Amino acid sequence: LLSQFDPDNTGYISTEKFRSLLQRHGSELDPHKLEVLLALADSNSEGRICYQDFVNLMSNKRSNSFRQAILQGNRRLCSKALLEETGLSLSQRLIRHVAYETLPREIDRKWYYDSYTCCPPPWFMITITIVEVAFFLYNGVVLDRFVLQVTHPLYLKNALLYHPQLRAQAWRYLTYIFMHAGIEHLGLNVVLQLLVGVPLEMVHGAARISFVYVAGVVAGSLAVSVADMTAPVVGSSGGVYALVSAHLANIVMNWSGMKCQFKLLRMAVALICMSFEFGRAVWLRFHPSAYPPCPHPSFMAHLGGVVVGITLGVIILRNYEQRLQDQTLWWIFLSIYVIFVLFAVFWNIFAYSLLDLKLPPPP
């Protein structure tokens, strides 16, 4: 094939030969992929197309030069929008719905629609949710309490939650997500991370979504250790708020391109749920503790998750199927995050003794 369309071995194919190839084999391609290839041909002003771009496109990979060609060229697609297509099966309608919920550009929606195979499924968000629910049910049976478990005198003795006296046990900065204050706390977090996290993972993959989630979780516990130094931390709100705030920020930044139905209503519902859960956390933090002098869990983890979402999360969701290492803004925000983590680590090592804080007794 290379010798036929690129006899001089230049690494490029002429636009005319490229079009003839599409006409000859176009019926074998997915209709939306054919549109993308035609758009690539139409957008090229030099009369030639990189052969490697062509190979990448045929193997479901899109290079940076391809993206630039589409952005700089003719953005109009030949056929009707994906939303207008009829006769789709239930699974196809679900994939189309996810595409319109998460992607602002029609060309990306069609590419995702043709490329998605449900293999692998969104395993990360489903697995983390199942584990969180399992731990909550186990604690409910052990404590014989499912509402406001955090008020039980034995609650703080669990080895998973973050406690300021036990901050040297590094795993607690992450495992606290498996402990929740009560069924109302768990319920809101599970609903948000399934409704928002699963579609995001279907589009962006487990690696990116798990990174945002875990980064929000770690930032949440570290934020508490810096800004609310005497309080414990429980719940997955740091990771959940990172995902939801990144998604909402992405919708706002691409408002005109987001064609999902009822997007304003869905934003309002998400914000109401987040506000209610955050308000509950603030109320609980300042409510008289059932086991003084240790206060109830802090709400600062929510804010740490939001900050991660509108920085690292926005970059990850904005650059669909693009290599993050090629994005300057990604490196800037990643550097800021790493600096914060290092600062918080040294803060936890030195600041507690220097400030001579009176921490609650260990559980």
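The values are calculated or read from the model by the stated rules, or taken from the named source; none is laboratory data. Only a predicted model underlies this, so the values are computations on that prediction, with no experimental measurement involved. Counting neighbours? That spans all protein chains shown, and the Cβs are built from the backbone with ideal geometry, glycine included. Ligands, DNA and RNA are stripped out before the accessible areas are found, and what is left, the full protein with its side chains, is counted by its heavy atoms. Shrake-Rupley method; radii C 1.70, N 1.55, O 1.52, S 1.80 Å.
Take F146: with every protein chain present and a 1.4 Å probe, its accessible area is about 80 Å². Report in % the part of the accessible area of segment 123-355 that belongs to carbon and sulfur, leaving out ligands and nucleic acids; probe 1.4 Å. About 76 percent, which is the carbon plus sulfur part of the accessible surface. For Q193, neighbours were defined as the other residues whose beta-carbon sits under 12 Å from its Cβ, and their charges (Lys and Arg +1, Asp and Glu -1) total -3.
Full extension of the segment from S275 to L137, taken as 0.36 nm per residue of separation minus the current Cα-Cα distance, would add 47.2 nm. Restricting the calculation to Cα atoms, segment 96-136 shows an Rg/Rh of 1.18 when the hydrodynamic-style radius is the Kirkwood one.
Spacing of the modelled spin labels on D144 and H287, each 7 Å from Cα toward Cβ, amounts to 2.1 nm.
Report the net charge of residues surrounding L334, where surrounding means a beta-carbon distance below 15 angstrom and charges are Lys +1, Arg +1, Asp -1, Glu -1. Value of the local net charge: +2.
Placing a label point 7 Å from the Cα of L355 along the Cα-to-Cβ direction, the residues of segment 207-229 whose backbone N falls under 18 Å of that point are 219-229. Computed from backbone phi, the HN-Hα couplings of segment 310-320 come to 7, 10, 4, x, 4, 5, 5, 6, 6, 9, 4 Hz, rounded to whole numbers (Karplus: 6.51 cos²θ - 1.76 cosθ + 1.60, θ = phi - 60°; Gly and Pro given as x). Packing here is the average count of other Cβ atoms within 10 Å per residue, and on that basis the peptides 232-243, 81-92, 307-318, 165-176, highest first, run 232-243, 307-318, 165-176, 81-92. Based on protein heavy atoms only, segment 123-355 ends up with 44 Å² per residue of surface accessible to a 1.4 Å probe.
Of the listed residues V217, V198, the order by accessible area with a 1.4 Å probe, largest first, is V198, V217.
Using the Cα coordinates of segment 281-363, the gyration tensor eigenvalues translate into equivalent-ellipsoid semi-axes of 35, 18, 8 Å, sorted from longest to shortest.
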